[in-house]
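Participant: Structure provided below as structure tokens; questions to follow.
The values are calculated or read from the model by the stated rules, or taken from the named source; none is laboratory data. No experiment lies behind these values; they were computed from the predicted model shown. No Cβ is skipped: glycine too gets one built from the backbone with ideal geometry, and neighbour counts run over all protein chains shown. Accessible surface is based on the protein model in full, side chains and every heavy atom, while ligands, DNA and RNA are left aside. Shrake-Rupley method; radii C 1.70, N 1.55, O 1.52, S 1.80 Å.
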Amino acid sequence: MNPYIDLAKTAIENFIKYKNIISPPKDLSEDFFQKKSGVFVSIHKGKELRGCIGTYLPTKENLAKEIIHNAIAATRDPRFPPVQAEELPYLSYEVYI
């Protein structure tokens, strides 16, 4: 799987299941820690949009933190009810850098 999507999925699942905001895993490539960029994270349930939040300019100190922050925010997209734990097996993710 794509490392950006892996990070978003891990952040979302930890937040929904355990109310935990993860720290960036230390085994990520250096780009995650050295690069800054705006990021959009989209969540889909089947073909339906379930949430999408992003920033067009960076707001966090690195790409890893930007992905984590926006992934969690997408679970609370105000256009939709909050993502629930029972939905997690049916969700797919997109990350746009």
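Participant: So who's got an amide H within less than 5 Å of the one on Gly51, skipping anything under 5 residues away but keeping other chains? H placed 1.01 Å off N, in plane.
Facilitator: Ile43
Participant: Something else: Of the labelled options (1) 95; (2) 83; (3) 131, which one gives volume of the Cα convex hull per residue in Å³ as computed for this structure?
Facilitator: It is the value labelled (1).
Participant: Sticking with this structure for a sec: List the chymotrypsin sites (Phe, Trp or Tyr not before Pro) in the chain that DSSP assigns to loop (not H, G, I, E or B) and whose Cβ has at most 15 other Cβ atoms within 10 Å. Which are they?
Facilitator: Tyr56
Participant: List nothing, just return the count: lysine pairs in the range 1-66, 8 or more apart or interchain, with Cα separation under 26 Å.
Facilitator: 27
Participant: How would Asp6, Asp77 line up by accessible area, probe 1.4 Å, largest first?
Facilitator: Descending order: Asp6, Asp77.
Participant: At 222 nm, what value in deg cm²/dmol follows for the chain if DSSP H runs of at least 4 each add -39500 (n - 2.57) and the sum is divided by all its residues, to the nearest 500?
Facilitator: Taken over the chain, the calculation gives -10500 deg cm²/dmol.
Participant: Further question: To test your reading of the geometry: what angle, between 0 and 90 degrees and rounded to tens, separates the Cα axis of helix 3-18 from the longest principal axis of the chain?
Facilitator: Once rounded, the angle reads 50 degrees.
Participant: On a 0 to 90 degree scale, rounded to 10, what angle separates helix 63-74 from the longest Cα axis of the chain?
Facilitator: 20 degrees
Participant: With each pseudo-label sitting 7 Å past Cα toward Cβ, what's the Asn2-His44 distance in nm, one decimal?
Facilitator: About 1.1 nm separates the two model spin labels.
Participant: To the nearest 20 debye, what is the magnitude of the charge dipole of the chain about its Cα centre, counting +1 on the Cβ of each Lys and Arg and -1 on the Cβ of each Asp and Glu?
Facilitator: Dipole of the chain, to the nearest 20 debye: 240 debye.
Participant: Multiplying the sequence separation of Asn14 and Ser37 by 0.36 nm and subtracting their Cα-Cα distance, what value in nm do you get?
Facilitator: Separation in residues times 0.36 nm, less the Cα-Cα distance, equals 6.0 nm.
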